[in-house]
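Just so you know, all these numbers are worked out from the coordinates, no wet-lab data involved. None of the values given here were measured: they were computed from a predicted structure. Neighbour counts are summed over all protein chains in view; Cβ atoms, including those assigned to glycine, are modelled from backbone coordinates with ideal geometry.
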Amino acid sequence: MLLNNFYCNDKAKQTLVNFITDGRLPHTILLEGEDGCGKTTFAKMIAAAVLCQQERANRPCGACRNCRLILSDTHPDVEVVSSENKANAFHIDQIREIRSTAYIRPNDGEYKVYILRNIHNMTEQAQNALLKIIEEPPAQVVFIMTCNNRARILQTILSRAAVIPISVCTPQECAKALETLADASVTAEQREEAAHLSQGNIGKALELLRDEKKLQLACSARHAAEIICAGQEFELLCCLQEYTGNKKREEFLQYLQEIRSYFWKLIRFKNAVPGNYSDIPMQVKNRLTTLQAMQILDIIDKATWQVSQNVSLTLVAAAFCAAVKSISE
């Protein structure tokens, strides 16, 4: 069965199996989860389940003609609609195009499936236009939508969709998955490191493994974050020197964002937000208060703005180190 190839998320997979075997698949499904967790992959598996040619108990099989076409993005009745991944980039014209074709009969099967990626980036006008069609969807149409935060979706849309959360794996499960998904040239140590740095997010781990510079940058940023927590100003300045000394402005911006992600995760841990925090050392967890971590986020944001304004990287780094030291003392 195709779902066996989707890692973790047993509850989401069982929900889909129940929908199919009971013959009550909703016309509108929303998959929610962070970027890289596999929402689009799972959306295609749902589409395969809808159009699979096997008996219900075996759907999606992954082997029939319809399943193969869907997984290769060539099925005439499955359309993936997305936009640039930034706020308000998903426009009403794309929804109007869907509405113009949704009432046309399927080409090859019983249903037409629209996969709408990252609907949290829809403008309010686009969401309202989408609402009009999912309120009374054509009988032969299934909408599968993805988002990273349902709070950015109109409540009227949420009330008409079956919401299925998609979560990341543990770093250990991610490393195991990478044995199959990563390039054969990747070493076990690299897989472990990528799984750890991505916090179990398979998509992000694969991205790190495809770009050695990103993997090195993520490792360095984690080390810098731990130095910040220890209040070691000189050691932090040495870490930053790799980027400021060579005038790598874009890499320095990425570096700051990686450090920011670390402290944002620390804040989530301090406030008992469910998640996997095994990659944060115990001495770091106990070193800073939530307020201190939030103050460090403000310092990182200020440094990011300065870098984007072409302020000298050396001056930014010096001010950054002094500021975070005053917080962690």
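Where a Cα-Cα gap under 16 Å defines reach, which aspartates and glutamates qualify for residue 86, not counting those fewer than 8 residues away within the same chain?
34, 35, 124
Give the long-range amide H neighbours of residue 54: residues separated by 5 or more places, or on another chain, with amide H under 5 Å away, using H modelled in the peptide plane at 1.01 Å from N.
61
Where nothing but the Cβ of Lys and Arg (+1) and of Asp and Glu (-1) is charged, how large is the charge dipole of the chain around its Cα centre, in debye to the nearest 20?
Here the chain has a charge dipole of around 600 debye.
What ranking, highest mean first, results for peptides 161-168, 183-190, 47-54 when packing means the other Cβ atoms within 10 Å averaged over each residue?
By packing density, highest mean first, the sequence is 47-54, 161-168, 183-190.
What's the exposure ranking of 234, 6, 143, going from fewest to most Cβ atoms within 10 Å?
On the way: 234 9, 6 17, 143 24.
So the ranking, lowest neighbour count to highest, is 234, 6, 143.
Under DSSP H, which helices of the chain have Cα atoms covering 20 Å or more of the helix axis and a Kyte-Doolittle average no less than 1.0?
Length and hydropathy pass: 313-328.
Compute the length gained on full extension between residue 310 and residue 159: take 0.36 nm times their separation in residues and subtract their Cα-Cα distance, giving the result in nm to one decimal.
Residue separation times 0.36 nm, minus the Cα-Cα distance, leaves 49.8 nm.
Provide, in order from the shortest bin, the percent of all Cα-Cα pairs of the range 228-328 in each 10 Å bin, continuing until the bin that contains the maximum pair distance.
Bin by bin from 0 Å, the calculated values are 15, 49, 29, 7.
How many percent of the alpha carbon pairs in the chain exceed a separation of 26 Å? Walk me through the numbers before you get to the answer.
Numbers: 30368 of 53956 pairs.
In whole percent, the long-distance tail amounts to 56.
Among the lysines, which fall within straight-line cross-link reach of residue 39, defined as a Cα-Cα distance under 16 Å, with same-chain neighbours fewer than 8 residues apart omitted?
11, 13, 204
Taking neighbour counts of Cβ atoms within 10 Å as a proxy for exposure, in what order, fewest first, do 78, 307 appear?
So the residues, fewest neighbours to most, are 307, 78.
Determine the calculated [θ] at 222 nm for the chain from helices alone, applying -39500 (n - 2.57) to every DSSP H run no shorter than 4 residues and normalising by the residue count; nearest 500 deg cm²/dmol.
After summing the helix terms and dividing by the residues of the chain, the value is -17500 deg cm²/dmol.
Using amide H atoms built 1.01 Å from N in the peptide plane, name the residues 5+ places from residue 29, or on other chains, whose amide H lies under 5 Å from its own.
143, 144, 145, 162
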